[in-house]
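J.: Supplied in structure tokens, the structure appears directly below.
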Amino acid sequence: MFLIALALLPAIALVVWIYRQDRVEKEPKGLLWKVFLFGVLSVIPAMILEILLEEVFLVFVDEDTLCYVILDNFIGVAMIEELCKMKAAKRAAWKHPAFNYKFDAIVYCVTSALGFAAIENVMYCMDADIETAVTRALLSVPSHAIDGVIMGYFFGVAKEAELVGSRRRRKRYLRLSVFMPMMEHGIYDTALSLDSDWILLFFFLFVIAVDIWAVKFVKKQSKEDRKLAS
């Protein structure tokens with residue numbers, strides 16, 4: 001029970017943090033709970049698709065090769081998870097009247113990502129020790145939140161494109177809302193999958209750099225928040 005609580009705590013804390021950064025017009029708490037729940041539920045299709053893609057990759061590529069590691073981490077995990085998290089945020093919040101400011105998109109996507117991270121963390125920690133729980137709290141959960149920040153920026157641009165009647169731009173930025181966090185996620189997972197001291201050093205430098213960037217970017221987007229054009 002203690003490990004489950006420890007697994008949930010970082011996701012909840014980060015949801016509260018991103019909610020507090022929304023300084024112009026707070027999102028309805030009921031809507032955020034809905035987005036969070038949809039993020040939790042998005043783990044189910046993600047797991048199914050990951051298992052299916054893993055089997056497909058193994059038909060064509062040997063498991064011990066670098067090609068497999070890259071394919072599995074970038075496509076089989078990162079792309080699938082980011083797509084499911086984006087779809088969860090879109091289904092829960094896209095048509096809601098509260099989605100009327102640019103920073104709202106970041107709040108929704110981070111909340112969806114943290115719903116996903118929360119249940120994933122519980123699944124990892126149920127049969128693990130406190131060291132695993134702490135490590136994931138410091139690395140994995142914040143990484144999902146950062147993916148949500150990246151996703152949210154493009155998600156907001158896509159929403160604004162729809163409001164001004166640009167379907168082509170809407171589609172392009174919705175694709176980018178999956179592709180861009182997928183790249184960060186893929187680099188993160190691939191670096192952890194490769195057995196090399198130099199790559200491990202790169203991993204920690206990468207995490208520190210991305211964490212610093214994400215905090216600054218959120219603060220900047222919060223400060224420059226504006227109503228979506230219509």
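J.: List every residue pair whose Cβ atoms lie under 7 Å apart, where the two residues are 6 or more positions apart in sequence or sit on different chains, the first residue falls within segment 173-187 and is under 18 Å from Ala46 (Cα atoms), and the second residue, located anywhere, is among the acidic types (Asp, Glu) and crowded, with 20+ Cβ neighbours inside 10 Å.
T.: Val178/Glu82; Pro181/Glu82; Pro181/Asp147; Met182/Glu82; Glu184/Asp147; His185/Glu81; His185/Glu82; His185/Asp147
J.: Something else about it: Quick one: which residue in Leu58, Leu32, Leu52 is surrounded by 14 or more Cβ atoms within 10 Å (Cβ to Cβ), part of a helix (DSSP H, G or I) and either of a type in the set (D, E, K, R) or out of contact with any Asp or Glu (no Cβ under 8 Å at 6 or more places or on another chain) (or both)?
T.: Going through Leu58, Leu32, Leu52 in turn, the sole match is Leu32.
J.: Kindly indicate whether any position in segment 104-119 is closer than 25 Å to Gly30 by Cα and open to solvent by 10 Å² or more (accessible area, probe 1.4 Å).
T.: yes
J.: Tally the residues that are of a type outside the set (A, V, I, L, M, F, W, C), in a helix (DSSP H, G or I) and under 27 Å from Glu160 (Cβ atoms), restricting the search to segment 101-125.
T.: Counting residues in segment 101-125 that are of a type outside the set (A, V, I, L, M, F, W, C), in a helix (DSSP H, G or I) and under 27 Å from Glu160 (Cβ atoms) gives 6.
J.: Quick one: which of Ala145, Ala98 is in contact (Cβ under 8 Å) with a residue 24 or more places away in the chain, among the aliphatic types (A, V, I, L, M) and in a loop (DSSP other than H, G, I, E, B)?
T.: On the way: Ala145 fails: in a loop (DSSP other than H, G, I, E, B).
Result of the check over Ala145, Ala98: Ala98.
J.: Cβ contacts < 8 Å: first residue of a type in the set (Asp, Glu), restricted to segment 27-50; second residue open to solvent by 40 Å² or more (accessible area, probe 1.4 Å) and in a helix (DSSP H, G or I), any location; separation 6+ or different chain. Result?
T.: Pairs that qualify, where the first residue is of a type in the set (Asp, Glu) and the partner is open to solvent by 40 Å² or more (accessible area, probe 1.4 Å) and in a helix (DSSP H, G or I), are Glu27/Tyr19.
J.: For segment 115-139, give me the residue count where each residue is modelled with pLDDT of 80 or more, in contact with a Phe, Trp or Tyr (Cβ under 9 Å, 6 or more places away or on another chain), over 23 Å from Leu205 (Cα atoms) and of a type in the set (A, V, I, L, M).
T.: Final tally of qualifying residues: 1.
J.: Give the residues of segment 8-27 that are surrounded by 19 or more Cβ atoms within 10 Å (Cβ to Cβ), within 15 Å of the chain's Cα centre (by Cα) and over 11 Å from Pro142 (Cβ atoms), sorted by residue number.
T.: Selection gives Val15, Ile18.
The values are calculated or read from the model by the stated rules, or taken from the named source; none is laboratory data. Treat the numbers as computed from the prediction; the structure is a model and nothing was measured. Cβ atoms come from the backbone with ideal geometry, glycine included; neighbour counts cover every protein chain shown. All accessible areas refer to the heavy atoms of the entire protein, side chains included, with ligands and DNA or RNA removed. Shrake-Rupley method; radii C 1.70, N 1.55, O 1.52, S 1.80 Å.
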